[in-house]
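Below you'll find the structure, written out as structure tokens, and then a few comments.
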Amino acid sequence: MNLGKLGQALSAREIFDLIQDDLEQVEKKITTESVASVDAVTAIGQYLQSAGGKRLRPALLLLSARLCGEAGSTAIQLGAVVEMIHAATLVHDDVIDAAQTRRGRASTNVKWGNHTCVLAGDWLYMQAFQIALRERNFQFLDLLIGLTQMMVEGELLQLEHIGHIDISEADCMELVDRKTACLFSVCARLGALASRADPQTHEKLGEYAWNLGMAFQLVDDVLDFTAREKVLGKPVGGDLREGKVTLPLVYALERATPAERRMVETILRQRTYDEVPFARILSLLEKYRGIERVKERAQAFTDKARRLINEFPESPYQRALLTVTDLVTDRDH
């Protein structure tokens, strides 16, 4: 692990201890703001919140705010906003993917059905925007509206690629940007703006977080093939089973034989591993270094994020953001 210029890293617990009080206020805000006049929407919001999760997005926002000054009430509000937007994307993703599990338990669409979950996701989006609107700051709204459009367009692009084997590296990287990196970037920018940082500072923090988000999603794409199901919280190999060709497989397919390509096409067509076992896909990835190459790409983004955050003055929050880069790369779920 590269520990950066400070010579030591913080643990995940130490990072979250720095902003524990802030995160507790974010959690309370989410609880309060997730109550709707329709019981099903409230129940879905509570179900998502009780599942826990990394809370990496509000943590990134709060650490960025602390790095630039104080994480006041505005940062707390915006922390709730980004986590609710993230929750809305998860609800919609599970409907689109016909997912069965999320974080080790039944996904919302299994418990409440697709129709209710689509509308609940819409409600969460609108509630998040209503919270942001209370700040009466057009910069916040510009970032959040642009972000939401990027993510929705990303889902539409992904749907166009479902079931197709001829996906390029550029296609994959665009989806990684739209699905994850843009949200990470906006979280850091919002934190900096909440602390009234100068434009150069929030631009640099946004670039840091974008590189972090790119690494995060690429590691996710690797873990979909390599993690243990109990740790991952959902079935391994799920992306390919859902018809998605991600970057590890794209790299392997560049050198695969026609017979090996047909093997992948069989899974894309049947959406099961009944005829072609998952182990054969892992062997294909190992044979052509698909996983290793994606790990190398993720490390390059991590290194860029580390270089950017090292340009900030040393402080506990700078050190925390530096250590986050290692936590993103060295994880098992």
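The values are calculated or read from the model by the stated rules, or taken from the named source; none is laboratory data. This structure is a prediction, so every number in the text was calculated from the model and none was measured. Reconstructed Cβ throughout: ideal geometry from the backbone, glycine too, with neighbour counts over all protein chains shown.
Would a scan of the stretch 203-210 turn up a residue that is over 26 Å from Asp326 (Cα atoms) and acidic (Asp, Glu)? Talk me through it step by step, then tell me what you get.
Residues of the stretch 203-210 over 26 Å from Asp326 (Cα atoms): none.
No, that holds for no residue.
Cβ contacts < 6 Å: first residue in contact (Cβ under 8 Å) with a residue 24 or more places away in the chain, restricted to the stretch 148-174; second residue of a type outside the set (Val, Ile, Thr) and outside any helix (DSSP H, G or I), any location; separation 6+ or different chain. Result?
Matching pairs, first to second residue: Ile162/Gly243; Gly163/Gly243.
Out of Glu296, Glu292, Glu265, Glu286, which single residue is assigned to a helix (DSSP H, G or I) and under 21 Å from Lys179 (Cβ atoms)?
Within the list Glu296, Glu292, Glu265, Glu286, the selection yields Glu296.
Just wondering, is there one or more residues in the stretch 254-262 that are buried (at least 17 other Cβ atoms within 10 Å of the Cβ), at pLDDT 95 or above and of a type outside the set (Lys, Arg)?
Yes, the conditions are met somewhere in the stretch 254-262.
Hey, does the stretch 204-223 have a residue that's hydroxyl-bearing (Ser, Thr, Tyr) and free of Cβ contacts under 8 Å to residues at least 60 places away in the same chain?
No, the stretch 204-223 has no match at all.
Going by the conditions given, is Met150 of a type in the set (A, V, I, L, M) and under 14 Å from the mean Cα position of the chain (by Cα)?
yes
For the stretch 119-171, what are the residues that are β-branched (Val, Ile, Thr) and either part of a helix (DSSP H, G or I) or closer than 23 Å to Leu78 by Cβ (or both)?
Of everything in the stretch 119-171, those that are β-branched (Val, Ile, Thr) and either part of a helix (DSSP H, G or I) or closer than 23 Å to Leu78 by Cβ (or both) turn out to be Ile131, Ile145, Thr148, Val152.
Val324 fails exactly one of the following numbered conditions: (1) β-branched (Val, Ile, Thr); (2) surrounded by 20 or more Cβ atoms within 10 Å (Cβ to Cβ); (3) at pLDDT 95 or above. What is the number of that condition?
(3)
Could you tell me whether the stretch 91-112 includes any residue that is in a helix (DSSP H, G or I) and surrounded by fewer than 15 Cβ atoms within 10 Å (Cβ to Cβ)?
So far as the stretch 91-112 goes, yes, one or more of its residues are in a helix (DSSP H, G or I) and surrounded by fewer than 15 Cβ atoms within 10 Å (Cβ to Cβ).
Restricting to the stretch 236-262, and then to whatever is acidic (Asp, Glu) and not in a helix (DSSP H, G or I), can you tell me which residue is nearest to Val176 (Cα to Cα)?
Top of the filtered list is Glu242.
If only one of Ala36, Ala71 is more than 24 Å from Arg189 (Cα to Cα) and part of a loop (DSSP other than H, G, I, E, B), which one is it?
Values: Ala71 fails: more than 24 Å from Arg189 (Cα to Cα).
Result: Ala36 is the single residue among Ala36, Ala71 that is more than 24 Å from Arg189 (Cα to Cα) and part of a loop (DSSP other than H, G, I, E, B).
Can you tell me which condition Ala80 does not meet? The list is (1) touching a Lys or Arg at 6+ places or on another chain (Cβ under 8 Å); (2) over 30 Å from Lys204 (Cα atoms); (3) free of Cβ contacts under 8 Å to residues at least 60 places away in the same chain, and all the others hold.
(2)
Pull up the stretch 317-332, narrow it to residues that are part of a loop (DSSP other than H, G, I, E, B) and under 15 Å from the mean Cα position of the chain (by Cα), then point me to the one that is farthest from Leu18 (Cα to Cα).
Asp332
Looking at (1) crowded, with 18+ Cβ neighbours inside 10 Å; (2) modelled with pLDDT under 95, find the lone condition where Lys230 falls short.
(1)
Any residue that is at pLDDT 95 or above and among the aromatic types (Phe, Trp, Tyr) - is there at least one of those in the stretch 172-190?
Yes, the stretch 172-190 contains at least one residue that is at pLDDT 95 or above and among the aromatic types (Phe, Trp, Tyr).
Can you find even one residue in the stretch 243-250 that is more than 30 Å from Ala98 (Cα to Cα) and either surrounded by 14 or more Cβ atoms within 10 Å (Cβ to Cβ) or of a type outside the set (Ser, Thr, Tyr) (or both)?
no
Just checking, how many residues over the stretch 265-289 are within 19 Å of Leu223 (Cβ to Cβ) and either touching a residue at least 24 places away in the same chain (Cβ under 8 Å) or touching a Pro at 6+ places or on another chain (Cβ under 8 Å) (or both)?
9
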